[in-house]
Amino acid sequence: QVQLVESGGGLVQAGGSLRLSCAASERTFGGTGMGWFRQAPGKEREFVAAISWGGSTHYADSVKGRFTISRDNTKNTVYLQMNGLKPEDTAIYYCAAGRSSLYTTSSTAYGYWGQGTQVTVSS
């Protein structure tokens with residue numbers, strides 16, 4: 001069964017940090033590029049970060065230098081370390097598994113999605 005389960009969201013003050021985790025089934029995670037997306041109230045889902053099976057990464061300009069995506073292939077888990085959080089980072093964050101080993105910024109290239117985890121940054 002395909003499954004992606006996010007955790008680590010919460011409420012944090014501006015300037016603080018959170019670390020999101022996404023645990024995947026081996027079938028979903030093995031050989032697959034992974035991504036993080038977010039959706040704020042009243043806005044469309046947007047790309048945040050992605051990582052290929054081999055570890056190459058890509059970030060949205062809005063989070064570059066503040067967020068770090070990583071993966072532990074032995075644990076079938078992808079992480080999103082978020083530092084220097086801003087109120088505009090407030091959103092539901094979704095983990096997604098791609099259809100190839102590469103990373104991509106397009107949500108349509110991802111075949112599986114988690115249920116999301118809420119991140120709220122207070123000013």
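The values are calculated or read from the model by the stated rules, or taken from the named source; none is laboratory data. Not measured: the values here are computed from a predicted model. Here Cβ is always computed from backbone atoms with ideal geometry, including for glycine, and neighbour counts include all displayed protein chains. Heavy atoms of the whole protein, side chains included, go into the accessibility calculation; ligands, DNA and RNA do not. Shrake-Rupley method; radii C 1.70, N 1.55, O 1.52, S 1.80 Å.
Considering only residues in the stretch 32-72 that are surrounded by fewer than 18 Cβ atoms within 10 Å (Cβ to Cβ) and charged (D, E, K, R), the one that is nearest to SER122 (Cα to Cα) turns out to be ARG66. The single residue among LEU18, LEU4 that is among the hydrophobic types (A, V, I, L, M, F, W, C) and at pLDDT 95 or above turns out to be LEU18. Selection of first residues in the stretch 28-47 that are at positive phi and of second residues that are in a loop (DSSP other than H, G, I, E, B), restricted to Cβ pairs under 9 Å at least 6 apart or on distinct chains, gives the following pairs, ordered by first then second residue: GLY31/TRP53; GLY31/SER100; GLY31/SER101.
If the condition is being at pLDDT 90 or above, buried (at least 18 other Cβ atoms within 10 Å of the Cβ) and either touching a Leu at 6+ places or on another chain (Cβ under 7 Å) or among the polar types (S, T, N, Q) (or both), then the stretch 99-117 contributes TYR112, GLY114, THR117. Counting the residues of the stretch 73-98 that are open to solvent by 40 Å² or more (accessible area, probe 1.4 Å) and either touching a helix residue (DSSP H, G or I) at 6+ places or on another chain (Cβ under 6 Å) or outside any loop (DSSP other than H, G, I, E, B) (or both) gives 4. Listed by first and then second residue, the pairs with beta-carbon distance under 7 Å, at least 6 apart or on different chains, first residue in the stretch 103-123 and farther than 26 Å from GLY84 by Cα, second part of a helix (DSSP H, G or I) and modelled with pLDDT under 95, are TYR112/THR28. Name the single residue that is farthest from the chain's Cα centre (by Cα) among those in the stretch 15-30 being exposed (fewer than 14 other Cβ atoms within 10 Å of the Cβ) and of a type outside the set (D, E, K, R). Ranking the qualifying residues of the stretch 15-30, first place goes to GLY15.
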